[in-house]
1. Within region 34-115, which strands (runs of 3 or more DSSP E) (wholly inside it) include 3 or more residues that are closer than 19 Å to THR17 by Cβ?
2. Mind listing just one residue for me: the one in region 287-321 that is closer than 11 Å to VAL232 by Cβ and either outside the structural domain of LYS244 (by TED's automatic domain parsing) or small (Gly, Ala, Ser) (or both) and, of those, surrounded by the fewest Cβ atoms within 10 Å (Cβ to Cβ)?
3. Find all pairs meeting these conditions: Cβ atoms under 8 angstrom apart; at least six residues apart or on different chains; first residue within region 233-256 and in the same structural domain as LYS305 (by TED's automatic domain parsing); second residue among the acidic types (Asp, Glu) and loosely packed, with under 15 Cβ neighbours inside 10 Å.
4. Within region 335-345, is even one residue farther than 30 Å from ALA220 by Cα and surrounded by fewer than 23 Cβ atoms within 10 Å (Cβ to Cβ)?
5. Test of understanding: among TYR358, TYR375, which residue is more than 16 Å from the ligand (Cβ to nearest atom), hydroxyl-bearing (Ser, Thr, Tyr) and under 15 Å from ASP210 (Cα atoms)?
6. Which number in (1) out of contact with any Phe, Trp or Tyr (no Cβ under 8 Å at 6 or more places or on another chain); (2) farther than 27 Å from ARG222 by Cα marks the one condition that VAL317 misses?
7. Considering only residues that are among the polar types (S, T, N, Q), modelled with pLDDT of 95 or more and under 30 Å from GLU376 (Cβ atoms), which ones fall in region 145-185?
8. Where residues in region 281-306 are modelled with pLDDT of 90 or more and small (Gly, Ala, Ser), which of them is farthest from CYS359 (Cα to Cα)?
Amino acid sequence: MVALGVAAVGHGETKVTGGRFWHGPDKTRMVFDISAVTTFQAFVLMSPDRFVIDIDNTILDGGLPEPKGDTSPVTGVRTGQPESGVLRVVLDLKRPVKYQVFVLEPNSPYPYRLVVDLFEADQSVVKPMPELTTREDDYLVIIDPGHGGEDPGAIGKKGTLEKTVALGIARRLKRIINHDGRMRAQLTRNGDYYVTLRGRVRLAMSLKADAFISIHADAARRRSARGSSIYVLSQRGASSEMGKWLAKRENAADLAGGVDIGEQDPGLQKALLDMGIDWKIKESKILAARILGELKKAGQVHSKKVEEAGFAVLKSVDIPAVLVETGFITNANEEKALTTALHQERIAGVIFRGLDLYCDQDPRCPPVNQKRSLYEVRQGDSLSLIAVRVGSTVEKIRALNNLPSDVLRIGQKLRIPSS
Ligand SMILES: [Zn+2]
């Protein structure tokens, strides 16, 4: 099969100025930055397996990346010039792939991008994303680290990326929830690749999840803006200018992260219109209020009330859903804090406690099944991490347990102060 691509043709020569690989569980994506749109032909060859794209009227004006990820089908990248003015890029493959090629419009700070998605031809190679086995009666929480891959989200002055912070906090939250055992948690992405907003929602729906928490970090032109905020879906428009602006930015993730035409589905929401949206909004507000309460106890909040805005990712799920802006990546102090293990763990702990309080009043949620006052030390724990996670201090935990030092051993039981 040969794919022919046409978009508006630019004047003069198109330049490929760079490229990136992103490797996710269901596809490997290669992105070329291009100075103007042009025509191309893509095809695959066998024995050995290769993917070839000929880009017309184009020269290479920058380096192309090496493939990454052991499980990626791509082993090498080569370029050539089969005829004058044509840039050929060959991807050497370990195994056959199916492919899709499309052009993304410029979306600040990105120029035009030519996107190549490679899917496994043999689906048995694809590992199912839900690595966690859940039982029918589990209370399943979907944790959604915002952005990823081609979409960095907000960017701090020191170069901190929202996608990295969000994944860090989300992984910690998942670990806390699953270790505690009352609820179960699953991530919508567990690496640096983009999952479409629709893909995130689809995961929650297919797993019949009970709650959805999207993790983000905020951005503002005003560098002094700081603190965390929590949002639920609004049916009437945003509760503040900030929320309106934020929802616009977050909803644009697909433009940055890359969704081809085939994946867009304006009809997705239809099914939800009459599916108890009032219940969902009411429950989302309660969940948000519980988390906000814990955020207030733990530190600076940007907004003292639960905010509302039209987030696409919240709109499409039929379960209680909130979006946490964990701090301002555009604030120098918060940017620094958001990159640290201690602060990420603190925020994850705060969200967990809010979620747990919500769980207490949700008849769908099981009771606490272990003694929370006694904690068993795990791999990777430290006294300071445990302290921030449970909202206490190293001194209090040391005193309560008569600890002579900060040294812990795996399996050690610690008494945890009640908060
Ligand atoms: Zn975001």
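The values are calculated or read from the model by the stated rules, or taken from the named source; none is laboratory data. Computed from a predicted structure; not experimentally measured. Reconstructed Cβ throughout: ideal geometry from the backbone, glycine too, with neighbour counts over all protein chains shown.
1. 50-55, 58-60, 74-80, 87-93, 97-104
2. ALA289
3. LEU255/GLU105
4. No, region 335-345 contains no residue that is farther than 30 Å from ALA220 by Cα and surrounded by fewer than 23 Cβ atoms within 10 Å (Cβ to Cβ).
5. Result: TYR358 is the single residue among TYR358, TYR375 that is more than 16 Å from the ligand (Cβ to nearest atom), hydroxyl-bearing (Ser, Thr, Tyr) and under 15 Å from ASP210 (Cα atoms).
6. Only one criterion is unmet by VAL317, namely (1).
7. The one that is among the polar types (S, T, N, Q), modelled with pLDDT of 95 or more and under 30 Å from GLU376 (Cβ atoms): THR164.
8. Only one residue tops the list, namely GLY293.
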